[in-house]
Amino acid sequence: MSALWDALGTVMDPELDQPVTELGFVSEAVVVDGHARVRLRLPTYFCAPNFAYLMVADAHEAVSALPSVTSVDVRLADHFAAEEINAGVAASAGFAGSFPGEAVAELDELRLVFQRKAYLASLDRLCVRLPGSPVGLTLADVPASPALVSLMRRRAALGLPCSSESPLLLDERGVPITAEEAPLRLRFARSVRVSIEGNAGFCRGLLHTRYPQAVGN
């Protein structure tokens with residue numbers, strides 16, 4: 001159970017940049033004789049199907065990678081597109097294949113947009129904890145902390161430089177942020193973080209209204 005929960009902990013809500021386990025989106029997760037059964041729920045019946053699909057697909061992939069798991073049943077419940085999403089993920093049909101005639105493309109671009117937002121939010125979380133200006137610092141200049149670990153994980157996901165001599169201040173495309181640009185770029189990063197955290201709080205409230213027994217940190 002611990003390994004299963006840890007695997008699901010790697011699955012992020014793409015918009016909120018938080019694990020589905022911490023958000024309370026996992027209502028059931030068990031493994032019996034190698035068969036993993038996972039049930040997901042979302043704050044509203046009409047949560048965006050593209051976000052929902054990403055979470056179900058990512059959960060299926062994460063659980064399937066466990067050595068102790070031989071078969072996987074991951075399903076979304078209480079959602080208007082649950083039938084299409086569950087069937088599409090089980091058949092590895094992709095988002096477009098799950099919604100034939102409606103979706104015309106996969107979700108790689110959407111995922112990239114939210115990965116970039118998550119990176120900017122993590123950059124702000126780190127910079128506000130530094131004792132001085134972040135301008136001119138390299139990664140080697142930044143003290144070890146959970147915020148740094150979070151930033152490095154998001155850099156790696158985007159393929160941004162992670163070596164110790166790399167500049168701390170890179171934009172979401174990996175371009176160094178100059179001293180002149182830094183105030184404006186960092187204000188933008190802060191606005192992204194505040195928006196993500198505000199949306200996460202709102203969704204937690206909706207989830208607890210819909211499922212009073214939901215447990216989320």
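Every number in this text was worked out from the coordinates using simple rules, so none of it is lab data. Small disclaimer: the values here were computed from a predicted structure and weren't measured. Note: ideal-geometry Cβ built from the backbone for every residue, glycine included; neighbour counts use all protein chains shown.
Observations
- Magnitude of the charge dipole, the chain, Cβ model with Lys/Arg +1 and Asp/Glu -1, debye to 20: 600
- Highest GNM mean-square fluctuation among P146, P161, P176, for the chain modelled with Cα contacts below 10 Å: P146.
- Choice from L40, L160, L130 with maximal GNM fluctuation in the chain (Cα, 10 Å cutoff): L130
- Placing dummy labels 7 Å off each Cα toward the beta-carbon, the span from R210 to A156 is 3.2 nm.
- Order of R187, R210 under a 10 Å beta carbon neighbour criterion, fewest first: R187, R210
- Axis angle, to the nearest 10 degrees, between helix 182-210 and the longest C-alpha principal axis of the chain: 20 degrees.
- Rounded to the nearest 10 degrees, the inclination of helix 108-127 to the longest alpha-carbon principal axis of the chain is 50 degrees.
- Within the chain, longest stretch clear of exposed chymotrypsin sites (Phe, Trp or Tyr not before Pro) (DSSP loop, no more than 14 other Cβ within 10 Å): 81-217
- Taking all Cα pairs closer than 8 Å and separated by 6 or more residues, the relative contact order of the stretch 72-217 comes to 20 percent.
- CD proxy at 222 nm, helix term only [per DSSP H run n ≥ 4: -39500 (n - 2.57); per residue of the chain; nearest 500]: -15000 deg cm²/dmol
- The stretch between A91 and S71 holds 5.9 nm of extra length on full extension. This uses 0.36 nm per residue minus the Cα-Cα distance.
- For V72, the residues whose amide H sits under 5 Å from its own are A36, ignoring neighbours fewer than 5 places away on the same chain, with H placed 1.01 Å from N.
- Fluctuation leader among A65, A96, A200 - the chain, Gaussian network, Cα springs under 10 angstrom: A65
- Sequence-ordered 3J(HN,Hα) estimates for the stretch 76-93 from the Karplus curve with 6.51, -1.76 and 1.60 and θ = phi - 60° stand at 9, 10, 6, 9, 4, 10, 4, 4, 5, 5, 4, 5, x, 5, 4, 8, 6, 7 Hz, glycine and proline given as x.
- The fewest-to-most ranking of E165, E15 by surrounding Cβ atoms within 10 Å reads E165, E15.
- Positive-pole candidate from A189, G132, L16, dipole of the chain, charges at beta carbon: G132
- Residues in the stretch 37-42 carry Karplus couplings, in order, of 10, 10, 10, 10, 9, 10 Hz; the curve used is 6.51 cos²θ - 1.76 cosθ + 1.60 with θ = phi - 60°, and Gly or Pro positions show x.
- When only the Cβ of Lys, Arg, Asp and Glu is charged (+1, +1, -1, -1), the dipole of the stretch 2-96 relative to its Cα centre reaches about 180 debye.
- The fewest-to-most ranking of R173, R116 by surrounding Cβ atoms within 10 Å reads R173, R116.
- Distant-in-sequence amide H partners of T138 (H built 1.01 Å from N, under 5 Å): L168
- If you take the Cα centroid of the stretch 103-151 and the Cα centroid of the stretch 20-92, the two points sit 27 Å apart.
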